[in-house]
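Down below is the structure, laid out as structure tokens.
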Amino acid sequence: MVSRSYSNLLDLATGAADQAPAPAALGALRRRLPRVVTTAGLIDDSPLSPSTPSPSPRPRTIVVANHLPIRAHRPASPSEPWTFSWDEDSLLRHLQHSSSSPAMEFIYIGCLRDDIPLADQDAVAQALLESYNCVPAFLPPDIAERYYHGFCKQHLWPLFHYMLPLSPDLGGRFDRALWQSYVSANKIFADKVLEVINPDDDFVWVHDYHLMVLPTFLRKRFNRIKLGFFLHSPFPSSEIYKTLPVREELLRALLNSDLIGFHTFDYARHFLSCCGRMLGLSYESKRGHICLEYYGRTVSIKILPVGVNMGQLKTVLALPETEAKVAELMATYSGKGRVVMLGVDDMDIFKGISLKLLAMEELLRQHPEWRGKLVLVQVANPARGRGKDVDEVKGETYAMVRRINEAYGAPGYEPVVLIDEPLQFYERVAYYVVAEVCLVTAVRDGMNLIPYEYIVSRQGNEALDRMLQPSKPEEKKSMLVVSEFIGCSPSLSGAVRVNPWNIEAVADAMESALVLPEKEKRMRHDKHYRYVDTHDVGYWATSFLQDLERTCKDHAQRRCWGIGFGLRFRVVSLDLSFRKLAMEHIVMAYRRAKTRAILLDYDGTLMPQAINKSPSANSVETLTSLCRDKSNKVFLCSGFEKGTLHDWFPCENLGLAAEHGYFLRSSRDAEWEISIPPADCSWKQIAEPVMCLYRETTDGSIIENRETVLVWNYEDADPDFGSCQAKELVDHLESVLANEPVSVKSTGHSVEVKPQGVSKGLVARRLLASMQERGMCTDFVLCIGDDRSDEEMFQMITSSTCGESLAATAEVFACTVGRKPSKAKYYLDDTAEVVRLMQGLASVSNELARAASPPEDDDE
């Protein structure tokens, strides 16, 4: 059963709910209610009340995560209310205290960790909203179970940590019912966001893999929503990710965000690779920001590891309880001449606890001098998931600890101390303080903050310094041995990085961390502490929100509308002046015109991208009909060779531009001309061997050798490798052809070398100039193309330089194929629409010809 709390926004606003919120909370919500939405993406800007002007809104960020940063305390009796407190261990709790903008208000949306009875849900929701700015999402028990312990923990979490479901014991086969529950849970979260959002002003920040389809639900409701997403787990390589049956749905859902954040470049690179391989999207760097163009929207990629809350750690370090625990641990270990190495991990299969224990065993075997002195304290936090694998990890860990202690222990000495119960935060900090070395040997992890906490704890304070080093309290030191496979590893350049699977190498790293000179330890600690201190959770949150604001700043200047159904929904965002070319509009202009110029690209415009490039009979007939109209001058511009175009298009009056405009012919019986002085193609002897090298090393690529153009085409090659090779090839060709009169250009799936000065824009200018020379005052221009080379035509016909060749009342239509950023002012969706448009104009020409011809006399 769906929760009744805030189930009806209208009831909430009018106070008609069964248990209405208190007047103060209701008033606050009324002030924050979104403006009336009449159609998806179109917002009615009329004020809520004509008599009371709305105050300037305070900037707000709505933070959405699986769990609220709240601890719920169950009442002792049913008659008593639930009580709550902030969860100080939650990362999200510290956003509002860390943001550089103190005026920013944060609202939290998520689940509580406790099951709230249905009868208490309204009262709990009201109390959390009034006192903590939190909106709880109450999931039905069956959905909650399948959503979190099912799809999240059985499918997404293992896959994102590189574990494939090769057998039912390894995560289990894909279960469509679990996926449906995941989507249903995300929909409930979306409904909660819609209850409180002001879409014009609020930012929404969604966290982690539990809510990966939430951006689609929110973008579908508000096309211009300012939405960021941060993934706190690893993102797997494309080879792993593409095994997920719902891979495309999740990618498209994430791309409905404006900003997507990752901890490391590796995770971002894997995501971008998936977008390229599965969706055909390419990315680029704009002034240092990585961006994807997705249906006209710019989706930015943010790479920044999260930090720790420095204020909280320093406060805990100063607690009397912490000092007392440190004194106790020093008496237990340091007082007996023991050196402490510390591991703090969750008890799950990816944290590498067993590998750490094997390395400890190897260290004691290889270095007997450490026996009786070295102690590994392993804090094992409860696993977040459950299942057979967790039980196996526990059993293996306990068995290994017993074996090591039996083999290398002695009366009063245990080389491994396993703490398998939850520690309070101050207790954990006390262990950090006394540990000489911290070990993190996870085989795959997102952003593990244990090393950061350890570094700050070892920095300590005056009281702790006097306890640890009475003689030299100012000398701070710490040593880290960290896995290469955790998110914080790249930022800790002074740590000893290890492959946790190489047991001998980990043992050697542990020993080297112990015996490193004190000066070296201090230098590494100082370097780490400077980074952690300046890159805390506040820096992370502020940087992310600033980038989100920057990414969303032009939303109001874009036209947006949604396309697609279900989880394939996406928003097309285009410039306000960019609109679809309406048949009625152009037909009216076509009828009015006396002299018309029509410039058409071929491949991708009149003909879809396909293996068979030759035109259909219908296309040829349509062009023939347009060319029969004496008011028309039709020119077809293509990169193909002149002989190929001659054979394909037997139309008498059709003008052709071959090889991007180097060769020109005004009609079928005219001679071919060249648009620039004759080109010396001796440069091919330099360029072709270079292209051959890249063809041989790039499987699926080919070379097209035309009369004046040389093309390296990698359309059938691996997209990532092909793109990488194309960039290398461009640099290589520009280097070897630096003194040759040619230009090197990279297009969608090819690299072209052609003579300088050749462009389709030159074709457009020559056509209009020649028509003017013949006394034809052109009053209608239509230009249609689909790729970068056609942008030169669009720019030319809309520039002032062509204005002298046109009539004062000329109507110009520059149209691109596909809804994408372009210098054209119009677009058509695909080649089928282009063909229909051409057929429509041909029909108008035939109709006008029949109307102009004199009627035949009847036989007497």
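The values are calculated or read from the model by the stated rules, or taken from the named source; none is laboratory data. What you are looking at is a predicted structure, and each value in this text was computed from that prediction instead of being measured. Cβ coordinates were reconstructed from backbone atoms using ideal geometry, including for glycine residues, and neighbour counts include every protein chain displayed. To get the accessible areas, we keep the full protein, side chains included, count just its heavy atoms, and leave off ligands, DNA and RNA. Shrake-Rupley method; radii C 1.70, N 1.55, O 1.52, S 1.80 Å.
Some values worked out for this structure:
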| quantity | calculated |
| --- | --- |
| Flag if Glu549 is open to solvent by 60 Å² or more (accessible area, probe 1.4 Å), of a type in the set (D, E, K, R), farther than 26 Å from Ala190 by Cβ and assigned to a helix (DSSP H, G or I) | no |
| Which listed residue is surrounded by fewer than 19 Cβ atoms within 10 Å (Cβ to Cβ) and at negative phi, from Lys325, Lys286, Lys302 | Lys286 |
| Pick from region 510-554, criterion in contact (Cβ under 8 Å) with a residue 40 or more places away in the chain and aliphatic (A, V, I, L, M), ranking: farthest from Ser300 (Cα to Cα) | Leu514 |
| Selected residue (only one of Leu156, Leu194, Leu251 is within 23 Å of Gln121 (Cβ to Cβ) and either under 21 Å from the mean Cα position of the chain (by Cα) or not polar (S, T, N, Q) (or both)) | Leu194 |
| Search result, residues across region 654-686 that are out of contact with any helix residue (DSSP H, G or I) (no Cβ under 8 Å at 6 or more places or on another chain), farther than 23 Å from Arg774 by Cβ and not in a loop (DSSP other than H, G, I, E, B) | Cys681, Ser682, Trp683, Lys684, Gln685 |
| Residue list for region 511-535, filter: under 26 Å from His161 (Cβ atoms) and either modelled with pLDDT of 95 or more or not in a helix (DSSP H, G or I) (or both) | His535 |
| Residue match in region 747-770 (condition: under 22 Å from Thr624 (Cβ atoms), open to solvent by less than 50 Å² (accessible area, probe 1.4 Å), in contact with a Gly (Cβ under 6 Å, 6 or more places away or on another chain) and not hydroxyl-bearing (Ser, Thr, Tyr)) | yes |
| Among (1) open to solvent by less than 70 Å² (accessible area, probe 1.4 Å); (2) under 30 Å from Tyr294 (Cα atoms); (3) at pLDDT below 85 - the single one Thr798 does not satisfy | (1) |
| Of the criteria (1) surrounded by fewer than 20 Cβ atoms within 10 Å (Cβ to Cβ); (2) in contact with a Pro (Cβ under 9 Å, 6 or more places away or on another chain); (3) closer than 21 Å to Pro422 by Cα, which one Lys356 fails | (1) |
| Residues (in a loop (DSSP other than H, G, I, E, B) and in contact with a Pro (Cβ under 9 Å, 6 or more places away or on another chain)) located in region 424-448 | Thr441, Ala442, Val443, Arg444, Asp445, Gly446, Met447 |
| Criterion violated by Glu421 - all others in (1) in a loop (DSSP other than H, G, I, E, B); (2) under 23 Å from Trp501 (Cβ atoms); (3) free of Cβ contacts under 8 Å to residues at least 12 places away in the same chain satisfied | (2) |
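So that you can scan it fast, the table gives a plain yes or no per residue for (1) among the β-branched types (Val, Ile, Thr); (2) within 36 Å of the chain's Cα centre (by Cα):
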position: Pro411; (1), (2): no, no
position: Arg428; (1), (2): no, yes
position: Val434; (1), (2): yes, no
position: Leu439; (1), (2): no, yes
position: Ala442; (1), (2): no, yes
position: Leu449; (1), (2): no, yes
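Residue by residue, here is whether (1) in contact with a Ser or Thr (Cβ under 7 Å, 6 or more places away or on another chain); (2) in a helix (DSSP H, G or I); (3) in contact (Cβ under 8 Å) with a residue 24 or more places away in the chain; (4) over 19 Å from Val481 (Cα atoms) holds:
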| position | (1), (2), (3), (4) |
| --- | --- |
| Val316 | yes, yes, yes, yes |
| Ala324 | no, yes, no, yes |
| Ala327 | no, yes, yes, yes |
| Ala331 | no, yes, no, yes |
| Gly343 | no, no, yes, no |
| Asp348 | no, no, yes, yes |
| Lys356 | yes, yes, yes, no |
